[in-house]
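Handing you a structure now.
The values are calculated or read from the model by the stated rules, or taken from the named source; none is laboratory data. None of these values were measured; they are calculated from a predicted model. A quick note on method: Cβ atoms are made from the backbone with ideal geometry, for glycine too, and the neighbour counts reach across all protein chains shown.
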Amino acid sequence: MWFNTMLLALREIRRNLLRSFLTMLGIVIGVSAVITMVTLGNGATRAVQSQIASLGSNLLMVLPGQRMGPGGGGGPAFNAGDVEAITTEIGGLKGVAPEVRSSATLVANGRNWSAGVTGSTNEWFPVANWSLAGGRLFEADEQRIGAAVCLIGATVRRELFGSADPIGEQVRLKKFSCTVVGLLAPKGQGAMGNDQDNLLVLPLTTMQRRVVGHTRVNTLLVSMTDDADPARTKASLTELMRERRKLADNEDDNFSVLDTRQIADTMSGTTQVMTMLLGAVAAVSLVVGGIGIMNIMLVSVTERTREIGVRLAIGALEREVLLQFLVEAVVLAALGGLIGIVLATAASIGLSQVMGIPYLFDPSINLLSFVFSAGIGVLFGYFPARRAARLDPIDALRHE
């Protein structure tokens, strides 16, 4: 019975190919939209996690004031003594690096280019997860006397020197020139959409004397060991900074300690919520596709009333007629789901490349979408099938 019912259903679908395709179209769009939205959302989440991780592993950022961005700041800056105190008084650390940031127009090889400028010590490179693509780091004497030497990122190298080797070349910024002694390995886009490779790094003393004109430090980067307790380290760091800043017990902190893992978790959670929201919105089109199947199946019942009457008159059971129409609806929905999966895979791969995020194949969302599309066929195909099965044979034979 099942085999004959399936053959009848497939024959009817093949007999009206255009109408069958248009009936499936809503399911195709719905399935492909859901899978594409979820896949891109998962890829965006992974990209955010990778970009945050590129800042440094187990990293704490100590900033003046209580907020980042516009309206932030408000607290006194740090100094070299703070770096020494953190290094000697807090255990479980890989390294501590001061960081002073600015921006400048760089001039070299007859070209101009605007880039970020960072001043720090050699500790900054492993703490901030930077590695060398060529050259060397600063020597101890260069850091102590504030020598005019620098390292550059991949973007600065490309814009100022093209494919030429920049080691030993001169780059001018502000009112002095520095010698390029190292080339940083590329990192790519940052979590905030910035180009991390558009960077020139100077010794801290050089940065303070020749670029910003003061000895203040904007940020302290603190890298913890893998087995360190982030909460305990953060609490110890907060207590130490309060002591050094002579804050009374009833005074609020005039600095912030940010854990990059918490930032990553927060941003990942945000993208996951947006993914779920977009997936839910896209799933509405599946319901619309199911309504389209029900509408076409009702029309089909009306068109085939005499055929149904003949089958019932020669002994076909109601459940056989119901099963035939139900199988037609399920086959249409399931086939639409399969086509939707293929289209979603192609769209997800293409859009991932355009958006610069990884493509992550998720078998669970593909399987769930297919099962849901078949379920839509059962749900919206049952009413037309039941209507066909309950036709009175005599009335059906009189139908014109």
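Per-residue answers, yes or no, for (1) touching a strand residue (DSSP E or B) at 6+ places or on another chain (Cβ under 8 Å); (2) within 28 Å of Gly356 (Cα to Cα); (3) at pLDDT 95 or above; (4) of a type outside the set (Val, Ile, Thr):
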position	(1), (2), (3), (4)
Ala133	yes, yes, no, yes
Glu142	yes, no, no, yes
Leu151	yes, yes, yes, yes
Gly162	no, yes, no, yes
Lys174	yes, no, no, yes
Ala185	yes, yes, no, yes
Met192	no, yes, no, yes
Asp195	yes, yes, no, yes
Leu199	yes, yes, no, yes
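Please determine, by comparing only the residues of the range 207-233 that are modelled with pLDDT under 85 and charged (D, E, K, R), which one is farthest from Asn122 (Cα to Cα).
Among them, the one singled out is Asp229.
With respect to Thr118, determine if the residue is at pLDDT 80 or above and either touching a Leu at 6+ places or on another chain (Cβ under 6 Å) or among the β-branched types (Val, Ile, Thr) (or both).
Yes.
Turning to a different aspect of this structure: Take Thr155 and decide whether it is of a type in the set (Ser, Thr, Tyr), in contact with a helix residue (DSSP H, G or I) (Cβ under 9 Å, 6 or more places away or on another chain), at pLDDT 90 or above and in the same structural domain as Thr206 (by TED's automatic domain parsing).
Here the answer is no, as Thr155 does not meet what is asked.
Considering only the range 101-142, how many residues are of a type in the set (A, V, I, L, M) and either surrounded by fewer than 17 Cβ atoms within 10 Å (Cβ to Cβ) or more than 29 Å from the chain's Cα centre (by Cα) (or both)?
Here the count works out to 8.
Of all the strands (runs of 3 or more DSSP E) wholly in the range 96-159, which have at least 1 residues that are β-branched (Val, Ile, Thr)?
111-120, 149-152
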